[in-house]
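Notes follow the structure.
Coordinate-derived values only; no laboratory data. Just so you know, these numbers come straight off a predicted model, no measurement behind them. When we count neighbours, we look across all protein chains shown, and the Cβ atoms used for this are built from the backbone with ideal geometry, even at glycine.
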Amino acid sequence: MTAFLYQTNNGLPGGLSRGAGQATITPEVLDSASPFAAYGLPGKIVSGQFVPVSLVGDTAPAGILVRPYPTTSPNASDPLGTSTPPTTGVVSVLRRGYIMVKCNAGVPAEGGTVYIRYAAGTTNTPIGGIEAAAVAGDTVALTNCVFNGPADANGNVEIAFNI
């Protein structure tokens, strides 16, 4: 049997990777003018609403957008793991704990620095996305989180946030 030759998926972006007893999660209201492109992205509170992190000064986000479980997508044809977050309403936000994120660039390693892209976004490295490599003038290190190991074949990796 050759099953040991393949790494299983780590999880889905925005999914809690450890029990809820090891996490602090709060409800927050979304700002429809600043929607999240995906689950597992960091955000900040602006005028009482949760919006994506996207500026160079956003080095300590308020939290990370959590994927609800079970996910009920507004579009029933969304394949597992590709659902887009709602643009309005109340969502769950991880304030402290372990969560899966999509690493868009670089090679994450245990204890490695987590970067967020705030400039020169592309389809593969979007603004607000998580990366494992610094790009001068385009990314900034998040001061309150680290990678907990390598990414899977899809780029999904666990981070420790505010631990």
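Summary table below
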quantity: Linear extension gain, R96 paired with I45, 0.36 nm per residue minus alpha-carbon span; calculated: 16.8 nm
quantity: Antiparallel DSSP beta bridges within the chain, as percent of all bridges there, nearest 5; calculated: 95
quantity: Segments 95-104, 45-54 sorted - mean Cβ within 10 Å per residue, highest first; calculated: 95-104, 45-54
quantity: Normalised contact order of the chain, rounded percent, pairs of Cα under 8 Å and 6 or more residues apart; calculated: 27
quantity: Magnitude of the charge dipole, the chain, Cβ model with Lys/Arg +1 and Asp/Glu -1, debye to 20; calculated: 220
